[in-house]
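Below is one structure, written out as structure tokens; the observations come after it.
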Amino acid sequence: MAISDKALSGKVALVTGGSRGIGRSIAIALGRRGAKVIVNFASREDAAKETATAVEAAGGTAAILGFDVANSTAVTEAIKTIPKEHGSLDILVNNAGVAVNGLIMRFTDEQWNKCLQTNLQGAFNCIRAASVPLLKAKDAGRIINITSVVGEMGNGGQAAYAASKAGLIGLTMATARELASRGVTCNAIAPGFIETDMTATELPEAARAKLLEQIPLGKIGGPDTIGDAAAFLAGPEAAYITGQVLRVNGGMLM
Ligand SMILES: NC(=O)c1ccc[n+]([C@@H]2O[C@H](COP(=O)([O-])OP(=O)(O)OC[C@H]3O[C@@H](n4cnc5c(N)ncnc54)[C@H](OP(=O)(O)O)[C@@H]3O)[C@@H](O)[C@H]2O)c1
């Protein structure tokens with residue numbers, strides 16, 4: 001059941017990759033709690049606008065902001081504008097990500113770099129650029145990193161993706177320790193298999209059946225399950241939770 005109190009009213013949240021999929025659900029869930037949500041996108045401005053409209057329909061306010069999380073200069077410049085234009089930056093959700101898949105023996109440097117630079121360096125770029133405004137938010141400052149079940153258990157054909165998501169867990173714990181003295185928390189959410197554009201690409205019937213066998217709850221998750229988890233971690237009730245990985249995976253890993 002979605003949390004719909006207004007505990008985040010007056011708070012400004014940046015959701016990277018908020019234009020589609022899990023990021024869109026997170027943006028809407030934060031909006032439902034009253035936050036002003038800055039919806040980031042890489043290329044799909046049209047989709048980011050749709051998210052912004054949905055955030056407002058859910059009871060929040062919204063703006064869109066395009067930048068590539070892998071480009072540290074672009075990140076710094078873009079994030080600098082948020083407190084100036086919106087008054088503060090209290091919540092950062094590092095959700096933007098790509099799945100670059102392939103067997104290790106054929107994997108190119110370009111594929112490795114694309115995956116690590118987006119999923120891991122991208123989160124670091126945003127944390128670094130947002131840390132000063134987040135420290136000003138003190139006990140309300142929140143960082144939420146979207147990792148993956150694959151970062152904790154690996155997956156054949158996903159070496160770079162698994163490494164990037166495992167690295168994100170280390171980054172989560174280091175950030176949590178570094179910012180704790182000022183009341184800012186940093187946690188990760190590790191989704192299992194969630195129905196989005198990223199996973200929509202041809203999953204043959206047999207592979208889908210095999211996947212379902214590995215999920216004790218017997219179904220693939222919807223993106224709103226991750227939105228609800230993020231709305232909880234972003235709120236005041238999660239103030240004493242930091243450095244943790246919240247697994248939302250139907251029991252796939254326990
Ligand atoms: N779906 C799953 O089963 C699953 C499971 C575990 C973890 N995750 C993680 O959850 C996150 C969201 O996944 P999803 O399934 O929602 O993916 P998705 O549907 O493919 O959406 C990806 C989002 O990331 C944005 N993005 C990609 N590269 C970017 C960049 N360089 N800079 C800024 N934004 C960028 C995209 O923006 P545009 O719209 O502009 O392209 C889009 O909003 C990812 O970190 C993914 O690894 C997903």
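Any read-out appearing in this document is the output of simple, stated calculations on the displayed coordinates, not a laboratory observation. None of the values given here were measured: they were computed from a predicted structure. Don't worry about glycine lacking a Cβ; one is built from the backbone with ideal geometry, like all the others, and counts go over all protein chains shown.
Where is the GNM fluctuation largest for the chain (alpha-carbon springs, 10 angstrom cutoff): Val39, Val132, Val15? For the chain, modelled as a Gaussian network with Cα springs under 10 Å, the answer is Val132.
Between Ser181 and Glu56, what's the calculated FRET efficiency when r is the beta-carbon distance and R0 is 45 Å? Round to 0.05. Before the final figure, lay out each step's value.
Numbers: r = 36 Å, r/R0 = 0.80.
Computed FRET efficiency for Ser181 and Glu56: 0.80.
Were the residues from Glu45 through Arg208 laid out at 0.36 nm apart, the gain over their Cα-Cα distance would be 55.5 nm.
What is the calculated FRET efficiency for Ala174 to Ala239, with r their C-beta to C-beta distance and R₀ = 25 Å, to the nearest 0.05?
The computed FRET efficiency comes out at 0.80.
Full extension of the chain between Met153 and Thr73 yields a length gain of 25.5 nm, computed as 0.36 nm times the residue separation minus the alpha carbon distance. At q = 0.14, 0.16 Å⁻¹, what log₁₀ I(q)/I(0) does a Debye calculation on the Cα points of the range 159-235 give, no solvent, two decimals? At q = 0.14, 0.16 Å⁻¹ the computed log10 ratios are -0.64, -0.79. Using Cβ point charges alone (K and R +1, D and E -1), the dipole size of the range 12-247 about the Cα centre works out to roughly 500 debye. Were the residues from Met1 through Asp197 laid out at 0.36 nm apart, the gain over their Cα-Cα distance would be 68.2 nm. Within the listed set Leu212, Leu179, Leu135, the Gaussian network model of the chain (springs between alpha-carbon atoms below 10 Å) gives the highest mean-square fluctuation for Leu212.
Gyration tensor analysis over the Cα atoms of the range 12-247 returns equivalent ellipsoid semi-axes of 27, 19, 18 Å (largest first, whole Å).
Can you list which of the trypsin sites (Lys or Arg not before Pro) found in the range 47-103 are DSSP loop residues with at most 10 other C-beta atoms within 10 Å?
On the way: sites: Lys49, Lys80, Lys84; in loops: none.
Passing sites in the range 47-103 do not exist.
Summary of the geometry: the range 149-163 and the range 205-230, compared by the centres of their Cα atoms, lie 17 Å apart. Residue pairs exceeding 30 angstrom between C-alpha atoms, taken from Lys138/Lys219; Lys49/Lys114; Lys11/Lys219: Lys138/Lys219; Lys11/Lys219.
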